[in-house]
Amino acid sequence: IDSCIHCAAVSNEKYARPRPLPTIQTNIGATANLLDMARQQSWRRFLFVSTGSVFQTATDATKPILEDAQPSATNVYSTTKYCGELLTRMYRMQFDLPASVVRVSWVYGPPLVTDDPPRGPIPAFLKAVLKRQAIRLPSGADFAASFTYVSDVAAGLLAAWRARELRHDVYHLGSGINYTARQVADAVRAAVPGAIIE
């Protein structure tokens with residue numbers, strides 16, 4: 001082993017909040033263990049996969065969130081991911097470890113994530129309409145986010161892993177475009193004839 005793309009294991013707030021200490025041990029402790037192994041064994045690359053949820057107080061979907069924006073983690077999951085970012089940056093600066101953070105946002109695509117409820121409108125809408133269930137929601141059509149297709153995530157992470165040099169501490173990986181839940185509903189209705197999403 002000479003490199004690592006590390007995603008951490010507790011994947012969202014639904015699982016993190018009821019068990020904060022095991023989440024801390026998993027998302028922060030495992031990251032620290034891997035970073036120190038990378039330091040001791042002089043790995044050629046360490047990528048810490050973080051999340052757009054470290055920007056929980058950024059509410060203006062019309063403005064991009066750049067890599068140098070100050071994170072605003074407010075829950076268990078986002079705080080543990082931000083701590084992993086800080087550890088990665090510290091190992092990069094203090095030990096010259098070739099390490100960087102790659103933040104991804106709202107990953108979707110096959111296989112359909114089995115979290116209940118599914119994370120985000122794309123898997124939620126698809127899961128329901130493929131079961132021939134109508135979706136009638138009183139609000140939420142204007143919710144907007146940068147959804148990132150899983151194959152693009154894999155390609156981006158592999159490109160970062162293969163790069164000769166990573167010049168920055170943090171990279172954002174995504175489409176760079178926010179789509180509303182209304183636009184997602186339109187796309188799902190177009191792809192699945194007879195789908196009811198209101």
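The values are calculated or read from the model by the stated rules, or taken from the named source; none is laboratory data. Keep in mind that what you see is a predicted model, and the values were worked out from it rather than measured. With ideal geometry, Cβ positions are generated from the backbone for all residues, glycine too; neighbour counts draw on all protein chains shown. All accessible areas refer to the heavy atoms of the entire protein, side chains included, with ligands and DNA or RNA removed. Shrake-Rupley method; radii C 1.70, N 1.55, O 1.52, S 1.80 Å.
Quick notes on this one:
- Shape box of the chain [Cα atoms, principal axes, largest first, Å]: 57, 36, 32
- Helix 181-191 and the longest principal axis of the C-alpha atoms of the chain enclose an angle of approximately 70°.
- Lys, Arg +1 and Asp, Glu -1 on Cβ, resulting dipole of the range 80-173 about Cα centre, debye, nearest 20: 220
- Protein accessible area in the chain, 1.4 Å probe - carbon and sulfur %: 57
- Size of the range 124-198 as Cα extents on the principal axes (Å, biggest first): 49, 22, 15
- Averaged over its residues, the range 14-170 has an accessible area of 58 Å² per residue, based on protein heavy atoms and a 1.4 Å probe.
- Here the Debye sum runs over all C-alpha atoms of the range 65-161 as equal scatterers in vacuum, and log10 of I(q)/I(0) at q = 0.11, 0.12, 0.13 Å⁻¹ comes out as -0.48, -0.56, -0.65.
- Here the range 1-66 is treated as a sphere whose radius is the Kirkwood value from Cα pairs; by Stokes-Einstein at 25 °C and 0.890 mPa s it diffuses with a coefficient of 178 µm²/s.
- Under 20 Å from the Cα of Lys14 - lysines, other chains or at least 8 residues apart: Lys81, Lys127
- From its DSSP helices (H runs of at least four residues, each -39,500 (n - 2.57)), the chain gives a residue-normalised ellipticity at 222 nm of -11500 deg cm²/dmol.
- Within the shell defined by Cβ-Cβ distances under 15 Å, the residues around Arg182 carry a net charge of -1, with Lys and Arg each +1 and Asp and Glu each -1.
- Loop sites in the range 38-101: trypsin sites (Lys or Arg not before Pro), DSSP, at most 13 other Cβ within 10 Å: Arg44
- For the chain, with +1 on Lys and Arg beta carbons and -1 on Asp and Glu, the positive-most of Gln56, Phe46, Val192 along the dipole: Val192
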